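The values are calculated or read from the model by the stated rules, or taken from the named source; none is laboratory data. Because the structure is predicted, anything quoted here is derived from the model rather than measured. Here Cβ is always computed from backbone atoms with ideal geometry, including for glycine, and neighbour counts include all displayed protein chains.
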Amino acid sequence: MGTLGRRVGTAALAIGSAITVLAAVAPAASAAPVRNGKCEAGEFCLYYEYDLQGSVSDFTTSIPNYGSSQPDCYEFKGPGTGQHACVKNRALSGYNRTSHVVRLYFNSNYKGTYIDFAPDDARDGGLGPLDLNNASHQIR
């Protein structure tokens with residue numbers, strides 16, 4: 001192999017090594033953060049106030065019991081009125097941004113009176129009998 005061949009081979013090896021190093025340190029792509037206080041695609045969201053206003057609590061899974069006191073409750077995470085309050089019995093509106101029906105229940109453990117949210121359904125005028133009476137939800 002001539003001098004030119006060795007230089008090309010060495011350059012190719014150096015470029016390959018650099019690509020390998022860059023790939024190793026590049027951050028992996030990730031999905032939207034879970035429970036970040038923003039109502040994003042793929043989430044079921046409850047709001048502290050009517051009209052999808054106030055602080056929001058966002059979920060990607062079914063929750064059998066919102067919990068009623070800190071530090072063991074699911075809380076409203078987004079900015080606005082109600083931020084850091086426990087969700088249980090405090091939500092006044094909701095938005096289902098999942099592709100599934102979500103059932104919101106009066107009681108914990110998916111029991112009692114319920115209302116269904118179809119995919120992409122927003123209940124901004126209130127939750128009817130579940131206004132301030134909501135304790136669990138199930139993504140179906």
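Things worth noting here:
Matching residues to (1) closer than 19 Å to Y74 by Cα; (2) surrounded by fewer than 18 Cβ atoms within 10 Å (Cβ to Cβ):
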| position | (1), (2) |
| --- | --- |
| K88 | yes, no |
| K111 | yes, yes |
| F117 | no, no |
| D124 | no, yes |
| S136 | yes, no |
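- Here the strands (runs of 3 or more DSSP E) wholly within segment 42-140 that include at least 2 residues being among the polar types (S, T, N, Q) and at pLDDT 95 or above are 53-59, 93-96, 136-139.
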